[in-house]
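Have a look at the structure below, then the notes.
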Amino acid sequence: MELRLALLGCGNVGRAFVAMAAAKDAELRARYGVQPRFTGGLTRSAPGWIAPDGIAASDLLASGWPASGTIPPGAIAFGAADGSAVGARFAATCPADVLIELTPLDPLIGEPATGHVRAALAAGRQVVTANKGPIAHAYRELRALARERGVALRFESTVLDGTPIFNLAEFSLPATRVDGFRGPLNSTSNFVLGAM
């Protein structure tokens, strides 16, 4: 099964994800029958692109996008993400099953990331985000929209360095009411507390 992925934002996390997808391509196909294909990408610093037929992770990695400043071979230019309207349009129109939302944001208002997530969910796309903003500012609204449209909103990497705490509660402890957690906030806090 082909899984069409689009990247909205592609800094360190996005580039690491593309490299991991390239490294795990054969295993994903053999073990799960999933073949990831990148069908679009948009950042503030590089030209955006759409590839309706998809690009293998290894080919996207080899293209050097976004650092190269050129779009991957076989892709069609989309335009730079010079504002939240362009990002929301990309999120709503890119030919993808899953939007991976990794854009910078204003932490006080959660934008433009919240608008990107909202647009993708409204268009019926699954969304994975590492942004705290949409979850902190609009979680209930976005969760309701995802349920209404029958798609998933995943945000595991927003807290605790990606420790699977949300999936643990949702899938492994469905009859349990979680009242709270106790422990270090993240690896940085753990390091500082350990050094003290």
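No lab work stands behind these numbers, since they all come straight from the coordinates. Nothing here was measured: the structure is a model prediction, and the numbers come from that model. Cβ atoms come from the backbone with ideal geometry, glycine included; neighbour counts cover every protein chain shown.
Summary table below
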{"quantity": "Calculated FRET value between residue 179 and residue 23, using beta carbons and R₀ = 35 Å, to 0.05", "calculated": "0.35"}
{"quantity": "Added length on full extension, which subtracts the Cα-Cα distance from 0.36 nm per residue, residue 67 to residue 32", "calculated": "9.5 nm"}
{"quantity": "³J(HN,Hα) computed for each position of the range 86-102 - Karplus, 6.51 cos²θ - 1.76 cosθ + 1.60, integer Hz, glycine/proline x", "calculated": "5, x, 5, 5, 4, 4, 7, 10, 5, x, 9, 8, 10, 9, 9, 9, 9"}
{"quantity": "Geometric extent, Cα atoms of the range 11-163 - Rg, Dmax (angstrom)", "calculated": "15.0, 44"}
